[in-house]
Amino acid sequence: MTRHDDGIDLGRRHAMQTGGLAIAFLWLGGVGTARAMIDARRQPGDAAAALADGNPPFAPNAFIRIDAHGAIRLVMPSVEMGQGVYTGASMLLAEELGVGLDQINVEHAPPSDELYGMPLLGGQITGGSTSTRGSWQVLREAGAVARTMLVTAAAAQWHVDPAACTVERGVIHHAASGRSVAFGAVAVAAGKLPMPDKVQLTDPKDFKLLGKPMRRVDSPDKVKGATQFGIDVRLTGMKIATVMACPTLAGKLASVDDKAARAVPGVVTVLRLDNAVAVVGDHFWAAKQGLQALNITWDHGPNATLTTQQLRDALAESARHGQSIVAVDTGSRPAQGTTVHSEYRSPMLAHATMEPMNATVSVTADKCEVWTGTQVPMRALQAAAKITGLAEDKVVLHNQYLGGGFGRRLETDWVEQAVALAKQVSYPLKVVWTREEDIRHDRVRPMYHDVVSAVLDANGMPAWFGYRTSGSSVLARFAPPAMGKDGMDSDAVECVAQMPYDIPAKKVEWIRHDMPIGLVTGWWRGVGPTHNLFVVESFVDEMAHRAGKDPLEYRRALLQKNPRTLAVLNLAAEKIGWGKTLPSRVGRGIALGEPFGSRICAMVEAEVTPQGEVHLRRVVAALDCGMIVNSSSIEAQIQGGLLFGLSAAMFNAITIKDGGIEQGNFNDYRSLRINEAPSVEFYRVVNAEPPGGLGEVGTAIAAPALANAIFAATGVRLYELPVDRRLLVQSPDALKSVVSASRPERRDAT
């Protein structure tokens, strides 16, 4: 394996540049460097973990275990929820360790802030599109450290120079003497060596795995049904419960008549909490039938008359007149020029993961065990300890594969509820939320209201840009230390405070507007950028239209000082064939951004029928995410993210009536169906920049590209999501003149 000439000093910290909330997720301190983790086996926390998993002879840090038979295990710092991170992490480790991807066995990390924590958010967390960015250097160094120690041990036995040894597929070779030895045979000796001061990392030109399209390591078990998600857990003597919380936000349980429920065959008992009731059965169907048979009286509390319109009105008032915190203020607003002014609204959104919320809990007098799929293992363990009154070392959390996360499993509310119910029984209890319960008691993405202005100069270009956004702060609830000293929520202004465009003067403000008690907002795949990019990129199109310029050329003019982002714009334009004549009521829209450390341009081609229906014909995406790990995973993440974001933009909003969420299942909170999904073409700009994020990038850029395509097709600007088809219906007079021939003018230009 070829290495860089310069060694990597394991004592330095590795921080990566990024904007907004994502910085809070990066590995800063703690396990943020290999040095902080190296020799972790000799630390109390990891010694216990190593002992629990068989005390393998070689455990040089928190991530690697090699036993005497040569089996290699990666204790995975991030959780797998469909993003392919287990494969990527295995590739990072295998590349530097000198083994094949097929030789790595992945296992979930135990809860440990000390070993797997991200200090700025106070714990062990997977989120913010940071798994690859956070582990790119860390896991490579961990693998290099392990390889160096194993080679040193073999060289010492042979009395040769370690530099004369090579490694291939877990076997150490000394060509001059013809000797070789497998990792397992020197694992014990290597485990006794001190950590090396420096290690050599593989030169990117010599990568054997990184950058290649690799099959996912978790796919075989998923194909044959062997993968265990949280909902699959089965324990001896286990019963199953399903639950109904008060349908009114912040409401309470007043009383329940359970006579009819107890008469349902298979029902075991009925359990109560202050705001919910659960029915326990021998199987889920019995529990569900019993739940439907309950006669419940609710105390609807302070939100009994709350509506979406009330929330919107209050948010709009806040955006227009509330006290703001200034994120960016550069230059002054010109006295002369053309003013463009608009207001945008973005709805609350649910996560609607394929696997509804669930947890299996066993509580005894001196122990609590929890089986669930969570993005925050340590937080879930701590919540269980608090509810049971047990010490944290008496709580064991078994993390599972996640059937989708999207930020929903950054919370612990369903775990807390399951533990509170399991305390009341003497057997293991699996609590499963129905889809309706899942959506109606979600931690929804915040609602936003944005007031946007610009002053255009004589050439129609922005001389000043003003942005006021109002919404609740997820960060203030989830990770208060990550808030700015002035109270600024970086997520609320992400991708607008750091716009890619060259604008001489800019002012960006955030007005914190908390929701009523009981309406809890949470992280949703992309959060701030999903709303900010919709507004910014829609407004850039507005400015181009007011200036009488083509949206593509307008953006090109604003990106002359930003060659990386200009490159993805040009690539997408080339691949979609921007400027070609399109049929009547077919348009193309552009959206551009730099979310989560990557650069992306999406172009949507959409047709709007005279009746106002939107048909997605084609999406072209160009991405610059720097150096890549698994090229197959990158394409899958962008495609999936785009479809996720387009689904939300086309169909979805969480609305409130009589104090409760109205939506409940995929009939009224739905995704694009197969026949509605467009073809998605993916292209990548190749370079050697540090890796950017992926999981949320496609989602964040989808909505504005769609909105701009609809404008190009109809001349109707969308200031609110989801798409309102009523605005897109042609007038009766216009319908009379509809012809099938293509319009002569360009439909992708203003």
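The residues of segment 75-96 that are touching a residue at least 60 places away in the same chain (Cβ under 8 Å), of a type in the set (A, V, I, L, M, F, W, C) and within 27 Å of residue 166 (Cβ to Cβ), listed by number, are 91, 92, 94. Here are some residues: 307, 339, 372, 269. Which one is surrounded by fewer than 22 Cβ atoms within 10 Å (Cβ to Cβ) and in the same structural domain as residue 408 (by TED's automatic domain parsing)? From the options 307, 339, 372, 269, the qualifying one is 269.
Please go through segment 239-261 and give me each residue that is of a type outside the set (S, T, N, Q) and part of a strand (DSSP E or B), ordered by number.
239, 240, 241, 243, 244, 245, 252, 253, 254, 256, 257, listed by residue number.
Return yes when residue 127 is of a type in the set (Gly, Ala, Ser), touching a strand residue (DSSP E or B) at 6+ places or on another chain (Cβ under 6 Å) and under 20 Å from residue 481 (Cβ atoms) and no when it is not. No; evaluated as a whole, the condition is false for this residue.
Given 323, 309, which one is outside any helix (DSSP H, G or I) and out of contact with any helix residue (DSSP H, G or I) (no Cβ under 9 Å at 6 or more places or on another chain)?
Numbers: 309 fails: outside any helix (DSSP H, G or I).
Going through 323, 309 in turn, the sole match is 323.
Against the list (1) at pLDDT below 85; (2) under 21 Å from the mean Cα position of the chain (by Cα), the condition residue 108 fails is (1). Scan segment 195-233 for residues that are assigned to a loop (DSSP other than H, G, I, E, B), touching a residue at least 24 places away in the same chain (Cβ under 8 Å) and at negative phi and the total you get is 20.
Answer with yes or no whether residue 508 is in contact (Cβ under 8 Å) with a residue 60 or more places away in the chain, part of a helix (DSSP H, G or I) and within 30 Å of residue 476 (Cβ to Cβ). For residue 508, the condition - in contact (Cβ under 8 Å) with a residue 60 or more places away in the chain, part of a helix (DSSP H, G or I) and within 30 Å of residue 476 (Cβ to Cβ) - is not met. Consider segment 681-709 and keep the residues that are within 15 Å of residue 625 (Cα to Cα) and among the acidic types (Asp, Glu). The one that is nearest to the chain's Cα centre (by Cα) is 696. Look at residue 141 and say whether it is over 19 Å from residue 196 (Cβ atoms), at pLDDT below 95 and acidic (Asp, Glu). So residue 141 fails the test.
Inside segment 410-462, can you point out the residues that are under 28 Å from the mean Cα position of the chain (by Cα) and of a type in the set (Phe, Trp, Tyr)? 414, 433, 448 - these are the residues of segment 410-462 that are under 28 Å from the mean Cα position of the chain (by Cα) and of a type in the set (Phe, Trp, Tyr).
Which of the residues belonging to segment 337-352 are assigned to a loop (DSSP other than H, G, I, E, B) and touching a strand residue (DSSP E or B) at 6+ places or on another chain (Cβ under 9 Å)?
Our first condition is that a residue be assigned to a loop (DSSP other than H, G, I, E, B); within segment 337-352, this holds for 337, 347, 350-352.
Of everything in segment 337-352, those that are assigned to a loop (DSSP other than H, G, I, E, B) and touching a strand residue (DSSP E or B) at 6+ places or on another chain (Cβ under 9 Å) turn out to be 337, 347, 350, 351.
Looking across 133, 179, 147, 169, one residue alone is surrounded by fewer than 23 Cβ atoms within 10 Å (Cβ to Cβ), closer than 20 Å to residue 63 by Cα, basic (Lys, Arg) and not assigned by TED's automatic domain parsing to the domain that holds residue 412. It is 169.
With respect to residue 585, determine if the residue is among the basic types (Lys, Arg), at pLDDT 95 or above, in the same structural domain as residue 682 (by TED's automatic domain parsing) and buried (at least 19 other Cβ atoms within 10 Å of the Cβ). Don't jump to the end; show me each part of the working.
Values: among the basic types (Lys, Arg): yes; at pLDDT 95 or above: yes; in the same structural domain as residue 682 (by TED's automatic domain parsing): yes; buried (at least 19 other Cβ atoms within 10 Å of the Cβ): yes.
Judged against the criteria, residue 585 is a match.
Scanning segment 539-578 for residues that are in contact with a Gly (Cβ under 9 Å, 6 or more places away or on another chain) and among the small types (Gly, Ala, Ser) gives 544, 547, 548, 573. The single residue among 177, 129 that is of a type in the set (Gly, Ala, Ser) and within 23 Å of residue 401 (Cβ to Cβ) turns out to be 129.
Would you confirm whether any residue within segment 391-400 is among the polar types (S, T, N, Q), touching a residue at least 12 places away in the same chain (Cβ under 8 Å) and surrounded by fewer than 19 Cβ atoms within 10 Å (Cβ to Cβ)?
Initial filter on segment 391-400 (among the polar types (S, T, N, Q)): 399-400.
Next cut, touching a residue at least 12 places away in the same chain (Cβ under 8 Å) only: 399-400.
Of the ones still in play, those that are also surrounded by fewer than 19 Cβ atoms within 10 Å (Cβ to Cβ) are none.
No: segment 391-400 contains no residue that is among the polar types (S, T, N, Q), touching a residue at least 12 places away in the same chain (Cβ under 8 Å) and surrounded by fewer than 19 Cβ atoms within 10 Å (Cβ to Cβ).
The single condition among (1) without any contact (Cβ under 8 Å) to a residue 60 or more places away in the chain; (2) not in a helix (DSSP H, G or I) that residue 497 does not satisfy is (1). The residues listed here are 648, 709, 713, 705; of these, the one that is assigned by TED's automatic domain parsing to the domain that holds residue 575 and farther than 23 Å from residue 526 by Cα is 713. Taken together, the residues in segment 644-680 that are of a type outside the set (S, T, N, Q), closer than 18 Å to residue 436 by Cα and without any contact (Cβ under 8 Å) to a residue 12 or more places away in the chain amount to 2. More than 30 Å from residue 313 (Cβ to Cβ) and basic (Lys, Arg): does that describe residue 617? Yes: the conditions hold for residue 617.
May I ask you to say which residue of 514, 457 is among the charged types (D, E, K, R), within 26 Å of residue 550 (Cα to Cα) and out of contact with any His (no Cβ under 6 Å at 6 or more places or on another chain)?
Answer to the selection: 457.
Residues of segment 544-581 that are crowded, with 16+ Cβ neighbours inside 10 Å and part of a loop (DSSP other than H, G, I, E, B): 549, 550, 559, 562, 578. Does residue 592 count as part of a strand (DSSP E or B), in contact with a Leu (Cβ under 8 Å, 6 or more places away or on another chain), touching a residue at least 40 places away in the same chain (Cβ under 8 Å) and surrounded by fewer than 24 Cβ atoms within 10 Å (Cβ to Cβ)? No: the conditions fail for residue 592.
Per-residue answers, yes or no, for (1) at pLDDT 95 or above; (2) of a type outside the set (Gly, Ala, Ser); (3) part of a helix (DSSP H, G or I):
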{"position": "416", "(1), (2), (3)": "yes, yes, yes"}
{"position": "419", "(1), (2), (3)": "yes, yes, yes"}
{"position": "425", "(1), (2), (3)": "yes, yes, no"}
{"position": "442", "(1), (2), (3)": "yes, yes, no"}
{"position": "451", "(1), (2), (3)": "yes, yes, no"}
{"position": "458", "(1), (2), (3)": "yes, no, no"}
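So, in segment 360-381, of the ones that are among the aliphatic types (A, V, I, L, M) and within 17 Å of residue 237 (Cβ to Cβ), which residue ends up nearest to the chain's Cα centre (by Cα)? Result: 370.
Residues checked against (1) buried (at least 20 other Cβ atoms within 10 Å of the Cβ); (2) touching an Asp or Glu at 6+ places or on another chain (Cβ under 9 Å); (3) under 21 Å from residue 115 (Cβ atoms); (4) assigned by TED's automatic domain parsing to the domain that holds residue 105:
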{"position": "137", "(1), (2), (3), (4)": "yes, no, yes, yes"}
{"position": "152", "(1), (2), (3), (4)": "no, no, no, yes"}
{"position": "155", "(1), (2), (3), (4)": "no, yes, no, yes"}
{"position": "208", "(1), (2), (3), (4)": "no, yes, no, yes"}
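Of a type in the set (Lys, Arg), part of a strand (DSSP E or B), out of contact with any Lys or Arg (no Cβ under 7 Å at 6 or more places or on another chain) and surrounded by fewer than 19 Cβ atoms within 10 Å (Cβ to Cβ), is that true of residue 617? Taking the combined requirement at face value, the residue satisfies it.
The residues listed here are 356, 334; of these, the one that is touching a Lys or Arg at 6+ places or on another chain (Cβ under 7 Å), in contact (Cβ under 8 Å) with a residue 24 or more places away in the chain and in a loop (DSSP other than H, G, I, E, B) is 356.
The values are calculated or read from the model by the stated rules, or taken from the named source; none is laboratory data. These figures come from a predicted structure and were not determined experimentally. Don't worry about glycine lacking a Cβ; one is built from the backbone with ideal geometry, like all the others, and counts go over all protein chains shown.
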